[in-house]
Amino acid sequence: MNMLKRKKSLEWLKAIIIGLLVAFVLRTFLFSSYEVYGVSMLPTVEEGDRLVINKIGYYIWEPERFDLIVFHANEQEDFIKRVIGLPGETVEYKDDKLYINGESIEEKYLEEYKESLNIGKLTGDFQLRHVTGVTIVPEGHIFVLGDNRRFSKDSRHIGFVKLDDVVGEVNMRYWPLNQFKIMR
């Protein structure tokens with residue numbers, strides 16, 4: 001009888017250890033959870049929202065325009081922002097419109113937010129060279145903005161984001177439950 005209990009205990013211990021190892025690998029290398037702090041991404045995500053970050057995707061492909069990403073802003077903080085400018089591109093805002101390489105690009109995710117503004121523009125006019133000192137996004141970097149442009153600390157303030165500093169892409173909002181959403 002003792003041998004049977006011991007064997008069952010060892011089986012349970014193995015299952016628990018394997019489960020913990022799988023969870024560690026998933027969390028460390030593939031996916032991560034992120035809690036939003038601040039208002040820079042309103043109305044897309046709000047303070048307190050909990051998100052799933054795909055950490056493996058950008059090892060396979062490069063970020064695309066309008067992806068929501070989490071990146072290391074400094075040694076203490078990670079930020080969530082939207083990819084706007086890709087390597088080799090010029091970025092400009094004029095009359096609340098985005099221009100990439102001189103071509104107007106629609107930002108449909110901002111239309112409702114812009115309509116709700118009582119006064120002024122959501123995004124002030126700027127050219128890349130005025131906010132970063134260079135005319136194109138350098139190789140190995142991206143230019144990011146928060147959706148709440150008036151209250152976002154983004155590439156206009158912190159400069160370009162190194163691709164190596166990108167933690168991953170936001171794939172899902174899982175909290176609050178009534179706002180569950182697959183992002184894309």
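The values are calculated or read from the model by the stated rules, or taken from the named source; none is laboratory data. Not measured: the values here are computed from a predicted model. Cβ sites come from the backbone with ideal geometry, for glycine too, and all protein chains shown count toward neighbours. These accessible areas exclude ligands, DNA and RNA; they are computed on the full protein's heavy atoms, side chains included. Shrake-Rupley method; radii C 1.70, N 1.55, O 1.52, S 1.80 Å.
So here's what we get for this one:
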{"quantity": "All helices (runs of 4 or more DSSP H) inside region 92-184 with 2 or more residues being open to solvent by 30 Å² or more (accessible area, probe 1.4 Å) and charged (D, E, K, R)", "calculated": "111-116"}
{"quantity": "Flag if Leu86 is closer than 28 Å to Ile182 by Cα and of a type in the set (A, V, I, L, M)", "calculated": "yes"}
{"quantity": "Total residues in region 57-79, condition in contact (Cβ under 8 Å) with a residue 12 or more places away in the chain, open to solvent by 10 Å² or more (accessible area, probe 1.4 Å) and not charged (D, E, K, R)", "calculated": "7"}
{"quantity": "Matching entry among Tyr37, Tyr58 (being more than 23 Å from Asn178 (Cα to Cα), modelled with pLDDT under 85 and either part of a loop (DSSP other than H, G, I, E, B) or in contact with an Asp or Glu (Cβ under 9 Å, 6 or more places away or on another chain) (or both))", "calculated": "Tyr58"}
{"quantity": "Filter result (under 11 Å from Leu122 (Cα atoms) and of a type in the set (Phe, Trp, Tyr)) within region 88-106", "calculated": "Tyr93"}
